[in-house]
1. Return the residues of the stretch 126-145 that are crowded, with 19+ Cβ neighbours inside 10 Å and of a type in the set (A, V, I, L, M); say none if nothing qualifies.
2. Could you check, for the stretch 61-72, whether at least one of its residues is farther than 18 Å from PHE98 by Cβ and surrounded by fewer than 19 Cβ atoms within 10 Å (Cβ to Cβ)?
3. If a residue counts only when it is touching an Asp or Glu at 6+ places or on another chain (Cβ under 9 Å), in contact (Cβ under 8 Å) with a residue 60 or more places away in the chain and within 17 Å of VAL49 (Cα to Cα), which helices (runs of 4 or more DSSP H) contained entirely in the stretch 68-185 have at least 1 such residues?
4. Give me the residue from the stretch 34-67 that is among the aliphatic types (A, V, I, L, M) and in a strand (DSSP E or B) and, out of that set, nearest to ASN135 (Cα to Cα).
5. Cβ-Cβ under 7 Å, sequence separation 6+ or interchain: first residue in the stretch 31-57 and without any contact (Cβ under 8 Å) to a residue 60 or more places away in the chain and more than 28 Å from ARG145 (Cα to Cα), partner assigned to a loop (DSSP other than H, G, I, E, B) and of a type in the set (Asp, Glu). Which pairs?
6. Please find, within the stretch 108-163, the residue that is nearest to the chain's Cα centre (by Cα) out of those that are among the charged types (D, E, K, R) and within 21 Å of SER29 (Cβ to Cβ).
7. Specify the residue that is farthest from the chain's Cα centre (by Cα); the eligible residues are those in the stretch 1-24 that are aromatic (Phe, Trp, Tyr) and surrounded by 15 or more Cβ atoms within 10 Å (Cβ to Cβ).
8. For ASN135, are the conditions met, namely being modelled with pLDDT of 95 or more and touching a strand residue (DSSP E or B) at 6+ places or on another chain (Cβ under 8 Å)?
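The values are calculated or read from the model by the stated rules, or taken from the named source; none is laboratory data. Because the structure is a prediction, the values reported are computed rather than measured. All Cβ positions, even for glycine, are placed from backbone atoms using ideal geometry, and neighbour counts span all protein chains on display.
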Amino acid sequence: MIIISKYNPKWTEEYEIIRFALQEILGASALRIDHIGSTSVPGLGAKDVIDIQVTVQALTPSVKQSLVNAGYEFVEANTHDHVPQGENGDPKLWEKFFFSQPEGQRRNHVHVRVDGNPNQQYPLLFRDYLRAHPNSTKSVELIKREIAKRHANDLDAYYDIKDPVYDLIWDAALEWARYIDWEPN
């Protein structure tokens, strides 16, 4: 069931605990570890799942195995990201490893993506854009709540509607990024 929770300031603290553990597991393989998704945007209601992006040089078997050995569950059905309208559709640019948390740990999703690929830049730019645009943040929350209200038990419908809406924001975020000469924090 999809439930959009009120923003929780503890999400940042919970992310830091998970980030530290991931850094210990992956060491130098992790070029950067970022809090992404709605829980990373102050004031934005979200599903109560901490999304984390691990940026790597390549999606190697050793990166995958390190996370599996630490108890993370690799989700084989989620190895590519949605391609926004107008973006290069080369599947290699949208590949990822996706994991859910080890049993008994705080609910989280770990997205492992290749440095510089558009799917690695997308969540960082999206996060930073929403942090800088509180009215867009409020609109995103409203949209997510309305979709969840109508499709609480249909994850496919939720994303089938949400992804094109996010593509609209992506266009605005790209323009904003060019205007301010954006670099991920």
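1. Within the stretch 126-145, LEU130, VAL140 meet the criteria.
2. No, because not a single residue in the stretch 61-72 is farther than 18 Å from PHE98 by Cβ and surrounded by fewer than 19 Cβ atoms within 10 Å (Cβ to Cβ).
3. 118-132
4. Going through the qualifying residues, I end up with ALA46.
5. Every condition considered, the pairs that remain are VAL56/ASP115; GLN57/ASP115.
6. Ranking the candidates gives ARG113 first.
7. The selected residue is TYR7.
8. Taking the combined requirement at face value, the residue does not satisfy it.
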